[in-house]
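The structure appears right after this line, and notes come after that.
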Amino acid sequence: MPFWAPDIGIDLGTDHFSLYVRSRGIVISEPSLVVLDRESKHTVRAVGDEAAFLLGRSPERLTAVYPIRSGMVSDFDIAELMLKYFIRKAIGVSYLGKPRIIVSVPCNMDDVNRKALTEAVRFAAGSKHVFLIEKPFAAAIGSGLPVYDPVGNLVVDIGAGTTDVAVISLGGLVVSQSIQVGGNKMDEALVNYLRRECSILIGTQTAENIKKDLATALPLEEPRSILVRGINQLNTSAGTVRLSSDQAYNAIKGPCAAIVKAIRWVLERTPPELSADIMRGGIHLTGDGARLFALDRFISESLSIPVLLARDPGDCCILGIGYLTENIQLVSPADKNATPGIRS
Ligand SMILES: Nc1ncnc2c1ncn2[C@@H]1O[C@H](COP(=O)(O)OP(=O)(O)O)[C@@H](O)[C@H]1O
Ligand SMILES: [Mg+2]
């Protein structure tokens, strides 16, 4: 039996759970989803990919739980079950020494939520060594930014539940803001728009597909349209409407404006010498929510600053967590140069 379990890094997204094992790389990338039996609420039927598969096949008998909401633990017991399942799947259980674990969290998470999450991870892994790290810090490392240098880097991580904005310099967060607006709010805005303006009821999955296929943060020069199927609100029968890209733009412009407002809030509080670096180096977008069509251009035009979308925006956070897992002395409190902003 090996003695020490390998160190682990976890990107605990609202939508997506990724797990990195030291010296092995990313070994899990699955939905942050647990499926329970509708009757006996405590019987877990499946987790992650298997849960998504089951849910698609016999949804009437099952209850879906996303135990992370807006980056916070919303259901402690289920979150612990999910963590335990993924950790076992990644490294098994046959170790005497427990792993050290790094977990991503939104910026500005309060102490109560930090403690709840730390406890859930401790129970799930049986480990005392849990380190929380802010998502934009990890995402900045994952997108190759020089976070330990004396320059200002502005990172905006747009996930499903939150958008985290941070100015990072000298290995720490200088100014940061987390808002509960992300891809899910855009989906909700599309559901509401179609109900209000077209009298069609759709689910959030359909809305997410519309967002990816048609929605845009700026009006298109050559507008497009698609057919949307749903339930006609007036006679509760199946109904279809044609939705244009201009309508989809109008539906989601509120969440897009909220993201710009959060970035402006951070910029207004950034020391001038770091602002000058940001004006030169641009704003770095990470998180899969940043893939919304023309969102980079919308932010750039609103703030008159260049904006760069990371190559694989959804992977930046787990890649940064992975780097820290390989270099765990950077986050261990035993190290005198431990990164500011990281607490165990
Ligand atoms: N092409 C796309 N256009 C717009 N949004 C997208 C696209 N691809 C994924 N998303 C959205 O990105 C969000 C998930 O981003 P992710 O970084 O995985 O979130 P989290 O870290 O919160 O789990 C979801 O809301 C999803 O709908
Ligand atoms: Mg993410």
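The values are calculated or read from the model by the stated rules, or taken from the named source; none is laboratory data. In this text the structure is predicted, and so the values were computed from the model without any measurement. As a convention, Cβ positions derive from the backbone with ideal geometry for all residues, glycine included, and neighbour counts pool all protein chains shown.
Give the residues of region 167-205 that are in a strand (DSSP E or B) and either under 25 Å from residue 271 (Cα atoms) or within 18 Å of the chain's Cα centre (by Cα) (or both), sorted by residue number.
167, 168, 169, 172, 173, 174, 175, 176, 177, 178, 179
Give the residue that is surrounded by the fewest Cβ atoms within 10 Å (Cβ to Cβ), with candidates limited to residues of region 83-105 that are of a type in the set (Gly, Ala, Ser) and in contact with a strand residue (DSSP E or B) (Cβ under 7 Å, 6 or more places away or on another chain).
Within region 83-105, the match that is surrounded by the fewest Cβ atoms within 10 Å (Cβ to Cβ) is 97.
Residue by residue through region 23-50, note down the ones that are part of a strand (DSSP E or B), within 15 Å of ligand 1 (Cβ to nearest atom) and touching a residue at least 40 places away in the same chain (Cβ under 8 Å).
Hits for region 23-50 are 26, 28, 29, 30, 34.
Within the set of pairs 6+ apart or on separate chains, which have a first residue in region 5-22 that is within 17 Å of residue 141 (Cβ to Cβ), a second that is in a loop (DSSP other than H, G, I, E, B) and within 16 Å of ligand 1 (Cβ to nearest atom), and C-beta atoms under 9 Å apart?
12/32; 12/71; 13/32; 13/71; 13/159; 13/160; 13/161; 13/287
Just one of (1) assigned to a helix (DSSP H, G or I); (2) near ligand 1 (Cβ under 10 Å from one of its atoms) trips up residue 164, so point out which.
(1)
Listed residues 183, 92; which is closer than 30 Å to residue 204 by Cα and either within 13 Å of ligand 1 (Cβ to nearest atom) or of a type outside the set (D, E, K, R) (or both)?
Within the list 183, 92, the selection yields 183.
Is at least one residue of region 208-215 touching a helix residue (DSSP H, G or I) at 6+ places or on another chain (Cβ under 7 Å), crowded, with 16+ Cβ neighbours inside 10 Å and within 30 Å of residue 133 (Cα to Cα)?
yes
How many residues does region 63-100 hold that are small (Gly, Ala, Ser) and within 19 Å of residue 21 (Cα to Cα)?
4
Consider region 7-32. How many of its residues are touching a Pro at 6+ places or on another chain (Cβ under 6 Å) and not hydrophobic (A, V, I, L, M, F, W, C)?
2
So that you can scan it fast, the table gives a plain yes or no per residue for (1) among the charged types (D, E, K, R); (2) surrounded by fewer than 22 Cβ atoms within 10 Å (Cβ to Cβ):
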site	(1), (2)
138	no, no
143	no, no
146	no, yes
163	no, no
172	no, yes
183	no, no
192	no, yes
195	yes, yes
198	no, yes
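For region 120-161, how many residues are away from ligand 1 (no atom under 16 Å from the Cβ), within 23 Å of residue 303 (Cβ to Cβ), assigned to a loop (DSSP other than H, G, I, E, B) and in contact with a helix residue (DSSP H, G or I) (Cβ under 8 Å, 6 or more places away or on another chain)?
Count: 3.
Checking residue 134 against (1) surrounded by 15 or more Cβ atoms within 10 Å (Cβ to Cβ); (2) acidic (Asp, Glu); (3) at pLDDT below 95: exactly one of these is not met. Which one?
Against the list (1) surrounded by 15 or more Cβ atoms within 10 Å (Cβ to Cβ); (2) acidic (Asp, Glu); (3) at pLDDT below 95, residue 134 comes up short only on (3).
Pick from 319, 324, 308, 267: which is under 21 Å from residue 161 (Cβ atoms), within 23 Å of the chain's Cα centre (by Cα) and at pLDDT 95 or above?
Going through 319, 324, 308, 267 in turn, the sole match is 319.
Which condition from (1) in contact with a Leu (Cβ under 7 Å, 6 or more places away or on another chain); (2) outside the structural domain of residue 122 (by TED's automatic domain parsing); (3) modelled with pLDDT of 90 or more is the one that residue 50 breaks?
Only one criterion in (1) in contact with a Leu (Cβ under 7 Å, 6 or more places away or on another chain); (2) outside the structural domain of residue 122 (by TED's automatic domain parsing); (3) modelled with pLDDT of 90 or more is unmet by residue 50, namely (1).
Taking the conditions exactly as written (within 22 Å of residue 164 (Cβ to Cβ), hydroxyl-bearing (Ser, Thr, Tyr), within 16 Å of ligand 1 (Cβ to nearest atom) and at pLDDT 95 or above), does residue 70 satisfy them or not?
Answer is no for this residue.
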